[in-house]
Every structure is written in C-alpha cells, then in structure tokens.
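The values are calculated or read from the model by the stated rules, or taken from the named source; none is laboratory data. Source: prediction; values computed, not measured. Quick reminder, even Gly has a Cβ in these numbers, built from the backbone with ideal geometry, and neighbours come from all protein chains shown.
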Amino acid sequence: MRASGGPHLPVTGLEGARRMARRTPRQQDAERQPWLARAAALSVSAVLLLGLLAGAVSQCGSPSSSTEEPLAIEITVTPGAEEARLRQRLAENPEDVGAMIALADLLSNTGRGIEAVELYEQAIQLRPDDATLRVALGRTLLNYGYYADAEIQLQRAHELDASDPAALYFLGQVYESRSPPDTQQARAMYEQVVEIAPDSPYGRLARQRLDALQ
C-alpha cells in the first residue's frame, strides 16, 4: 500500500520481487538515477573536504615566511682583555704554570718574544722535566732568531721525551735556519720524525721538508 502524498513504504518478500520483475529497464534506470546522483555528489564532497584538510595541514605545518632566524651571537675575546685576565691570575698565584704558559703563548704570538721567553723560563724553573715547556721555549727562541739557545732547549726536550716528534721537527728547523743551512742535520731530524710519528702533523710537515731538501 502507499499513503497518499507520502513516501514509498518498503516492499519485501515475493510481492516485492514480482514488482521489480514487472518494471521495464527504463523504469529501473530512472529509479537508479537519484541514487547515482547522490553518490556522485557525496564523492565530490569527500574530495573537496580532503583537499581543504590537506591545505590546512600544509599551512599549519610550514613555517611562516616572515619568521626570521635568530642571529648568532659571536663573543670575541681581545688579546688585551685576555692578557689582563692572565696577569690577574698570576698576581693571585705567581706559581700558576698554566697561566704562565697561556700568557707566554699570547705574548709570543703578538710580537713580544722576550717577555714570552722570560715566562717560559719561569715555568721551566717550576717544572724542569716538562718536555712540552722546553719545546715551547725552543720554538719561541727559534722564531726570534736565537738559534743556539733554541737548539739547547729542543735537545733537552728530546732527551726528556724521545717519542715527541715536535722537538725533532723544530731541531730540523733550527738547522735549516743556520747560515749557511745545515741541510744534512736537518734531514736527519726530519727522517727521525717520519720514523717515530709518520701520521702526525709533524710527520706530514717533515715529509714536506724532506721533499723540499732533495
């Protein structure tokens, strides 16, 4: 039965099957059209919704183009400030060997070799068997042209630590710096450096000097 002006009631069972069988293909297609149209509309709506969601997620996930990266802050310690700090340490503790070495290195690298030598010598008085200190002193003496004194300190450093290639390398530099250069002695020093520490920075430098002296 069908109520006047109302929606179709569901038809089930054998009677429903008979009614479906009596409908023509055109009638069946006409009945399918609303469902097909509704399904198509739902598909379009789903696609649009997914597109909107994807756009929203993309916009939220990407950083704003107007956002600026924080600037890196570079802190520079001037030699004058560092020198003052180290001298203050020595004033508080005159036997602070670490401060002596750091200050001597700073002075040596800023053209005040005589002051640096004095500080290295003070440090050596406190640590007479420190080979590294004697290498630092010998290198400074070498840089400022005191070749004989440099040779003494570097030889002593090698006696204290025969495994340290630095003393041998700078001894080679001393012999090259003589007038005239003692290339035979220099080569002997560089060869020892390559023998005991071939992969060290001094080993690489020694090989370069050996190639240059051929």
### Task
From the list 168, 213, pick out the single residue that is modelled with pLDDT of 95 or more and not polar (S, T, N, Q).
168
### Message
Quick check on my filter: what residues within the stretch 137-165 are among the hydrophobic types (A, V, I, L, M, F, W, C) and surrounded by fewer than 23 Cβ atoms within 10 Å (Cβ to Cβ)?
### Response
142, 148, 152, 160, 162
### Query
Where in the stretch 124-214 are there helices (runs of 4 or more DSSP H), lying wholly inside it, with at least 3 residues that are among the polar types (S, T, N, Q)?
131-143, 183-196
### Task
Filter the stretch 165-190 for residues that are charged (D, E, K, R) and touching a Phe, Trp or Tyr at 6+ places or on another chain (Cβ under 9 Å) and give the result.
178, 182, 187
### Query
Would a scan of the stretch 174-190 turn up a residue that is crowded, with 17+ Cβ neighbours inside 10 Å, of a type in the set (Ser, Thr, Tyr) and within 32 Å of the chain's Cα centre (by Cα)?
no
### Test result for residue 100, buried (at least 19 other Cβ atoms within 10 Å of the Cβ), in contact with a helix residue (DSSP H, G or I) (Cβ under 8 Å, 6 or more places away or on another chain) and assigned by TED's automatic domain parsing to the domain that holds residue 84
yes
### Task
Return the pairs, sorted by first residue and then second, in which the second residue is basic (Lys, Arg), the first residue lies in the stretch 171-198 and is in the same structural domain as residue 141 (by TED's automatic domain parsing), the beta carbons are less than 7 Å apart, and the residues are 6+ apart or on different chains.
172/209; 190/209; 194/207
### Summary
From the option list 133, 137, single residue qualifying as of a type in the set (A, V, I, L, M, F, W, C), in the same structural domain as residue 175 (by TED's automatic domain parsing) and farther than 24 Å from residue 179 by Cα is 133
